[in-house]
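So the structure is just underneath, and the comments pick up after that.
The values are calculated or read from the model by the stated rules, or taken from the named source; none is laboratory data. Just so it is clear, the structure is predicted and the values come from calculations on it, not from any experiment. Cβ sites come from the backbone with ideal geometry, for glycine too, and all protein chains shown count toward neighbours. For accessibility, only protein heavy atoms count, side chains too; no ligands or nucleic acids. Shrake-Rupley method; radii C 1.70, N 1.55, O 1.52, S 1.80 Å.
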Amino acid sequence: MTEESKDHGGRAAARRRRKPPRRRRAVAVAAWSAAGVVLLGGAGIGYFYFKFNGNLKTVDIDQALGTDRPQNVDNGSMDILVLGSDSRGGANGEYGQDDGGSARSDTAMIIHLYEGHEKASVVSIPRDTMISRPSCPTSGGKTDPGGQRTQFNEAFTVGGAACAVKTVEKMSGIRMDHYIEVDFTGFKKIIDNLGGVEVTTTKPIKDGASHLDLAAGTNKLDGEQALGLVRTRKSVGDGSDLGRIQLQQAFIKALIKQVKGIGVFDNPKKLLGIADSATKAITTDKALGDVKSLMGFAQGLQGIDAQDMQMITLPVTTDPRDPNRVAPLTKETKMVWDALLADRPIPAEATVNSSGDKSAAGSIVQ
């Protein structure tokens, strides 16, 4: 860690490859799918409180991390860490060899809701970003010592949700108010219960690895096809994970636009299916771990449309020690964290030198 990043972390706290199997990449939009459902379906979930309250799974982040966290400053904004989980246990076994249920995550997004909750910024963190990981509590009461040079997505594998949150907070100096995790089996069911998602592609997309074959133009994707789209890499943009992130972000906006307009409240059967699949698919922090709390959270987000979201990838460049990894750009990354800490929009110059902004993948899906 550089002296500059240490200094930034101190000020922030005072203020408030092995290459994975291809299907592991599918979870990138899963959490946003749930967020879209929560965003619009929160009030409806309330009608089925007793049925769905038992579906939710929770993790007590506050208890796990204690006081070793940035200060919680109440300025009206809110920060949420959204992860995609891809354990191969249970229903997820069809996406690769069963790993005994060991949790892994290749997807991480920090959602910053500005004061008033009418606009949001979303910062995607590439899984292969090389970072300094803090020590983390692990299962059995043990502690992982962390390390000065580790891959970002290892935090979740090492210590689950608590370690992922702690790592993000140490990187950014921003306290995460909430945590939401979704697995990709749940993602498929959410999309299917929505009746599919309509996307328009400017070019054909054919990817043998994800079994996706879309013609240019308007396509209505079911859950399996949507899963294929968000894990597609080599067939779009520059073929990198950074390009895939931009494709996923474009799909997220298409999803939210559609959820806003399908009138699920006029269709009780559809709403029932969406609520059931969404509450089964997500794990939340303890504060959101019941339907009443989740409903209140969702109602506070209903004014946000796709055009109200600023989406970026954490400013990164090729890691100087490993061309298959990326490293944060110190100056630009600081600009991102400083903007969110001050509840300001992320300045355009923060991403001008970033490798994450150079893929054309996002322009393929409209």
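Brief remarks on what is shown
- All conditions but one from (1) over 28 Å from residue 153 (Cα atoms); (2) small (Gly, Ala, Ser); (3) modelled with pLDDT under 85 apply to residue 196; the one that does not is (3).
- The range 289-310 residues that are open to solvent by 40 Å² or more (accessible area, probe 1.4 Å) and at pLDDT below 80, paired with ones that are not in a helix (DSSP H, G or I) and not polar (S, T, N, Q) (beta carbon under 8 Å, 6 or more apart): 303/117; 303/118
- The residues of the range 319-333 that are within 22 Å of residue 347 (Cα to Cα) and open to solvent by 50 Å² or more (accessible area, probe 1.4 Å), listed by number, are 330, 331.
- Whichever residue in the range 293-335 is of a type in the set (D, E, K, R) and out of contact with any helix residue (DSSP H, G or I) (no Cβ under 7 Å at 6 or more places or on another chain) and, among such residues, is nearest to residue 121 (Cα to Cα): 308
- Sub-6 Å Cβ pairs linking a first residue in the range 150-166 that is closer than 9 Å to residue 136 by Cα and of a type in the set (D, E, K, R) to a second residue that is open to solvent by 20 Å² or more (accessible area, probe 1.4 Å) and at pLDDT below 90, at least 6 apart or interchain, number zero.
- Taking first residues from the range 315-344 that are on the phi > 0 side of the Ramachandran plot and partners that are part of a strand (DSSP E or B) and open to solvent by less than 30 Å² (accessible area, probe 1.4 Å), the Cβ contacts under 9 Å between residues at least 6 apart in sequence or on separate chains come to 343/112.
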